[in-house]
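Here's the structure, in structure tokens; my notes come after.
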Amino acid sequence: MASLTELLPLPPRRPFSSRSDGRQSCSPSRLKSPFLNFPSTTRRLLSSGCHVAKESLISSSNPGGDGTADGYSVDCVVVGGGISGLGIAQALATKHGDVAREVIVTEARDRVGGNITTVERDGYLWEEGPNSFQPSDPILTLAVDSGLKNELVLGDPDAPRFVLWNGKLRPVPAKPTDLPFFDLMSIGGKLRAGFGAIGIRPPPPGREESVEDFVRRNLGDEVFERLIEPFCSGVYAGDPSKLSMKGAFGKVWKLEQSGGSIIGGTFKAIQERSRTPKQPRDPRLPKPKGQTVGSFRKGLAMLPNAISARLGSKVKLSWKLSSIKKLDGHGYTLIYETPEGLVSVKAKSVVMTVPSYVASSLLRPLSEVAADALSKFYYPPVAAVTVSYPKEAIRKECLMEGELKGFGQLHPRSQGVETLGTIYSSTLFPNRAPPGRVLLLNYIGGATNTGIVSKSKSDLVEAVDRDLRTMLINPNAVDPLVVGVRVWPQAIPQFLIGHLDLLEAAKTALQDGGMEGLFLGGNFVAGVALGRCVEGAYESAAQVSNYLANYAYK
């Protein structure tokens, strides 16, 4: 989920019972609630195409000898209608329209957005995929270009984040001046982190390190166990002993590489930025204050829906890509199963933003080596469990000025809770729950708990409720109202040790096989956070533009 954040655990509860109002609480008998009548979570093939200033319809009513109708001749097809694919399409339209004049987006499902899934019902508004984004300039640009500037909502930058440690929710330091005073780490742990950050620590081992190895070596055991391990669970739903530091947290990894230590690299980066002429910032963009997260008034789905509306007929829904073939010279032919029958599309360039396992299957006829590399990426399952409690169910010690405040909480795997973390949805953004109610989004599963796929929705709700009652919810509180449960069997690509090598092997195999103009994009390339997907979309659009300008039109 581009941005998994916080989750937690609790002791077993009594069996659930039904309610006279028809709503669902924590009991299995209540899992028949209309809140839970959602589409199947099984992923289907995505297909999306870049935005086009116009489309060139060759002949949709002139079937070829194989029964396939000739369709479109375009500069670019973006395969996959998630935020990566839509972002590429919009970037081509707004920044590269001079060379990418004719573009389409193809999507196998009947809606855009990929894992972005916003639901609104009975006074609740909740997310079942990624929950928010860091408001970087690229994603703000995408929002402004989509007409959503006035729909943007930002969390309170001063709201605390918490980590569960020794049975207590402890605030995470928000700024350097907080470091001496927060109680999540011991004095010894803080000193070890400080010395390691300036370079007093073991040298790099000369091999690709896991996140765990890198952090323990540079910053010590406490930083890893109490901060980074739960962060990895929240963002990647991953196992930090297997995640690649270089692949998953490349910016921090580069600091040590460039400056000899984390602090040394930070100073060097600051110096380099000061020597580089600063580009003027787009005056249209909002100026977020502090470290915060963003969404939109009616949830994250507003962004892909707005982009799709702007692209109009250039977005092709329920178009399932069945094959892709290289043409003699430049370009590709793509065959789609559509509601109107088989359609053939000729494209000068193609960007694949579907999950790597889908791309692997589609690209196998073009390159066995690339397909084999892409098939090795791992996507563990994650469940998003959204529940609501009355405000009086929150423990008094967790309230600030009588209210639940903060972004949410993360749970280290060592603390005996199953839930990865909990997001305070109704606190983070406005109008997420009816008055008097608290809405909590909980993530459970991930690389260290793949057994969730065999559990029922009632089992997942019970696990979340049990966990919450150990630290946030009063043990004797009423059963929660179950708002939504969504299980993603293949949720987030894991940037494991060797991930970047496999990705490079796939790209090289395509290039060596003469597949110029065929690009790989999406979260397994750019990164899993929503913001990184958008940044990657602008990068992919620039690659397409460069290719079209320098090769395809030669």
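The values are calculated or read from the model by the stated rules, or taken from the named source; none is laboratory data. Everything numeric in this text was worked out from a predicted model, so none of it was measured. Glycine gets a Cβ as well: all are built from the backbone with ideal geometry, and neighbour counts include every protein chain shown. Note: accessible area is taken over every heavy atom of the protein model, side chains too, but ligands, DNA and RNA are not part of it. Shrake-Rupley method; radii C 1.70, N 1.55, O 1.52, S 1.80 Å.
For the range 306-352, the convex hull spanned by the alpha carbon atoms encloses 89 Å³ per residue. The value of relative contact order for the range 419-554, using C-alpha pairs under 8 Å at least six residues apart, is 14 percent. Of Lys175/Lys268; Lys168/Lys396; Lys95/Lys376; Lys246/Lys287, which pairs sit farther than 23 Å apart, going by alpha carbon to alpha carbon? Lys95/Lys376; Lys246/Lys287, as the Cα separations exceed 23 Å there.
Fully extending the segment from Thr177 to Thr333 would add 50.4 nm, taking 0.36 nm per residue of separation and subtracting the current Cα-Cα distance.
Straight Cα distances below 13 angstrom link Lys314 to the aspartates and glutamates Glu55, Asp75, Glu102, Glu107, with same-chain residues fewer than 8 positions distant left out.
Across all directions, the shadow cast by the convex hull of the range 233-292 built on its C-alpha atoms averages 6.4 square nanometres.
The modelled label-to-label distance for the pair Asp122/Tyr551, using points 7 Å beyond Cα in the direction of Cβ, is 5.4 nm.
Taken about its Cα centre, the range 411-554 carries a charge dipole of about 400 debye when Lys and Arg each add +1 at the Cβ and Asp and Glu each add -1 at the Cβ. The overall shape of the range 110-167 is oblate: from the C-alpha gyration tensor, with semi-axes ordered a ≥ b ≥ c, the ratio a/c is 1.5 or greater and a/b is no larger than b/c. Taking every C-alpha pair closer than 8 Å and separated by at least 6 residues, the mean separation divided by the residue count of the range 168-302 gives a relative contact order of 18 percent. Using a 1.4 angstrom probe, figure out how much accessible area the chain has per residue, in square angstrom, rounded to the nearest whole. Using a 1.4 Å probe on heavy atoms only, each residue of the chain averages 42 Å². Taking Cβ atoms as reference points and 14 Å as the exclusive limit, the residues near Asn150 contribute a net charge of +2, counting Lys and Arg as +1 and Asp and Glu as -1. Surface composition of the range 223-342: carbon plus sulfur atoms hold 55% of the accessible area, using a 1.4 angstrom probe and ignoring ligands, DNA and RNA.
Computed across the range 256-326, the Kirkwood radius stands at 17.8 Å (inverse of mean 1/r, all Cα pairs). Size descriptors for the range 186-308 (Cα atoms only): Rg and Dmax, in that order, 18.2, 53 Å. Principal axis extents of the Cα atoms in the range 417-492, from largest to smallest and rounded to whole angstrom, are 35, 27, 18. Label sites at Arg273 and Leu285, each approximated as a point 7 angstrom past Cα along Cα to Cβ, lie 1.2 nm apart. The calculated FRET efficiency for the pair Lys325 and Lys149, based on their C-beta separation and a Förster distance of 35 Å, comes to about 0.25. Working ranking of peptides 72-83, 447-458, 237-248 by packing, defined as the average number of other Cβ atoms within 10 Å per residue, highest first, is 72-83, 237-248, 447-458.
Once backbone amide H atoms are built at 1.01 Å from N, Thr117 has Glu128, Gly129 as its partners under 5 Å, excluding neighbours fewer than 5 places away on the same chain. Helices in the chain that qualify as membrane-span-like (whole DSSP H runs, Cα extent of at least 27 Å along the helix axis, mean Kyte-Doolittle hydropathy of 0.0 or higher) do not occur. Across the range 472-543, Cα-Cα pairs more than 16 Å apart make up 67 percent of the total. The Cβ shell under 12 Å around Ala506 holds other residues with a net charge of -2, Lys and Arg each +1, Asp and Glu each -1.
Panel note: the C-alpha atoms of the range 276-317, placed on their principal axes, show extents of 42, 25, 16 Å (largest first). Overall dimensions of the range 403-554, expressed as equivalent-ellipsoid semi-axes from the Cα gyration tensor (√(5λ), whole Å, largest first), are 42, 19, 12.
From Cα pairs below 8 angstrom and at least 6 apart in sequence, can you work out the relative contact order of the chain, rounded to a whole percent? In percent, rounded to a whole number, it is 27. Checking (i) 51, 27, 24; (ii) 45, 36, 27; (iii) 39, 30, 21 against semi-axes √(5λ) of the Cα gyration tensor in Å calculated from these atoms, the matching label is (iii).
Charged neighbours of Arg201, selected by a Cβ distance under 15 Å, balance to -2 (K, R count +1; D, E count -1).
For the range 335-462, the equivalent ellipsoid derived from the alpha-carbon gyration tensor has semi-axes of 42, 20, 14 Å in decreasing order.
Dividing the convex hull volume of the alpha-carbon atoms in the range 80-239 by its residue count gives 218 Å³ per residue.
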